[in-house]
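K.L.:
Pasting in a structure now, in C-alpha cells, and then I'll have a few things to ask.
Each value in this text was obtained by applying a stated rule to the coordinates, not by laboratory testing. The model shown is predicted, which means the values in this text are computed figures rather than measured ones. All Cβ positions, even for glycine, are placed from backbone atoms using ideal geometry, and neighbour counts span all protein chains on display.
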Amino acid sequence: GKGAGNSMLFRADSKTVSGTECFVNYGPAKVDSQFLLDFGFCDSFCQRPGYVLGPIEIPDTDVNQFDKKDILDVAGFKQAPSFTLRAFEDPPPELRVFARLLNVKDEDAFLLEAIFRQESWGLISDPVSKRNEQEACSTMVGGCEGALNEYPTRVEEDRLVAEDASLPSRKRLASRVVMGEKQALTETLGYFVGIEGKLDKMEYYQERRLRSLNLLDRDGNSTYDPFDDTMA
C-alpha cells in the first residue's frame with residue numbers, strides 16, 4: 001500500500017497454507033519478444049522465438065472495409081487483429097484466412113454480402129479464387145519482406161552478438177530475440193511462397209459450390225447435360 005516502501009500485496013482467492021510457493025503465469029502463448037518487452041526478460045531454457053504481426057488494419061481505401069470489419073467482428077476477431085508467428089511452426093490458419101479477407105474484391109465480393117455474414121469467415125477458410133489466393137500470398141510475402149528489411153543487422157551479425165560473453169547480457173538477449181523474430185518471418189515468407197506454387201492444384205469456391213450441387217464429377221468435369229433439360 002501507500003508508504004509501504006519496497007513491498008507487494010498479494011490477495012489469495014482460495015485457502016493457502018502458510019509458506020506455500022507462489023507462481024506467476026506470464027502467459028504461455030507469448031513469444032520471446034513479448035516477454036522481453038513486457039517483463040524485461042525471456043526464458044533462456046525454454047526459448048519461444050517468434051514475431052507478432054500486427055495489428056493489421058483493413059485499409060480505408062477498401063470499398064468493402066465496413067463489411068470486412070463486420071465479418072471480423074462476427075468471427076470473434078478485433079477489427080485490426082494481430083497474429084503470432086512462431087519459429088519452426090506454420091503460421092496460424094487464421095492468418096491465411098485473414099489474408100484472403102483482406103484481398104476479397106470484385107467478382108469475389110459477393111461473399112461479403114449481409115446474407116452470408118454469419119458464414120463468411122467459414123466460406124473463405126478455403127480458397128476463394130485463384131486471383132484472391134495469389135493476392136493473399138503476395139500480401140503476406142510482401143509484408144514479411146518489408147518487416148525483414150526494417151532490421152539494420154544481418155542474422156550472422158546478430159549471432160555474433162548473442163554468443164559474445166563479453167557483451168552486456170541485455171544486448172545479447174536482444175540479439176537472440178531479434179534472431180527469433182527473423183526466423184519466424186523468414187519461415188512465414190517461405191510458407192506463403194510455397195502456397196503460390198500450388199495455386200493451379202487448388203479447388204476454389206466456384207468448383208466447391210458446383211460439386212455440392214452435383215454439377216461437377218470427381219475429375220472436375222461438368223455433369224450438366226442440356227439434353228436432360230430439353231427432354232424435361
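K.L.:
With n ≥ 4 as the cut-off for DSSP H runs, can you work out [θ] at 222 nm for the chain, using -39500 (n - 2.57) per run divided by the number of residues, rounded to the nearest 500?
P.N.:
Helix-only estimate at 222 nm: -13500 deg cm²/dmol.
K.L.:
If packing is taken as the average count of other Cβ atoms within 10 Å, what order do 120-131, 22-33 fall into, highest mean first?
P.N.:
120-131, 22-33
K.L.:
From the phi angles alone, apply the Karplus equation (6.51, -1.76, 1.60; θ = phi - 60°) to the range 42-56 and give each ³J(HN,Hα) in whole Hz, x where the residue is Gly or Pro.
P.N.:
Residue by residue, the range 42-56 yields 8, 6, 7, 8, 10, 6, 10, x, x, 8, 9, 9, x, x, 10 Hz.
K.L.:
Equivalent ellipsoid semi-axes for the chain, as square roots of 5 times the alpha carbon gyration tensor eigenvalues: give them largest first, rounded to whole Å.
P.N.:
On the way: eigenvalues 430, 119, 54 Å².
Computed over the chain, the values are 46, 24, 16 Å.
K.L.:
For a quick check: with amide H placed at 1.01 Å from N, whose amide H comes under 5 Å from Gly50's, ignoring anything fewer than 5 positions away on the same chain?
P.N.:
Asp32, Ser33, Ala87, Glu181
K.L.:
If you plug each phi of the range 186-195 into the Karplus form 6.51 cos²θ - 1.76 cosθ + 1.60 with θ = phi - 60°, what whole-Hz ³J(HN,Hα) values come out, in order, with x for Gly and Pro?
P.N.:
Running phi through 6.51 cos²θ - 1.76 cosθ + 1.60 with θ = phi - 60° gives 5, 5, 5, 4, x, 4, 6, 5, x, 5 Hz.
K.L.:
So, one more: Through the Karplus equation 6.51 cos²θ - 1.76 cosθ + 1.60, θ set to phi - 60°, convert the phi angles of the range 9-14 into ³J(HN,Hα) values in whole Hz; use x for Gly and Pro.
P.N.:
Each residue of the range 9-14 in turn: 10, 10, 10, 7, 9, 8 Hz.
K.L.:
OK, next. Of all the C-alpha pairs in the range 1-96, what % are more than 21 Å from each other?
P.N.:
On the way: 2694 of 4560 pairs.
Pairs farther apart than 21 Å: 59 percent.
K.L.:
Another question, then. Using modelled amide H (1.01 Å from N, peptide plane; none on Pro or chain starts), what sits under 5 Å from the amide H of Phe41, excluding residues fewer than 5 places away?
P.N.:
Leu36
K.L.:
Hey, another quick one. Distance from the Cα centre of the range 99-138 to that of the range 39-88, in angstrom?
P.N.:
Computed from Cα coordinates, the inter-centre distance equals 18 Å.
K.L.:
Aspartates and glutamates within cross-link reach of Lys201: Cα-Cα under 15 Å, excluding same-chain residues under 8 positions apart?
P.N.:
Leaving aside aspartates and glutamates fewer than 8 places away in the same chain, those within reach of Lys201 are Asp126, Glu133, Asp219.
K.L.:
Using the beta-carbon distance between Phe66 and Asn25 and R0 = 45 Å, what value does 1/(1 + (r/R0)^6) give for FRET efficiency, to the nearest 0.05?
P.N.:
Working from the Cβ atoms, E equals 0.75.
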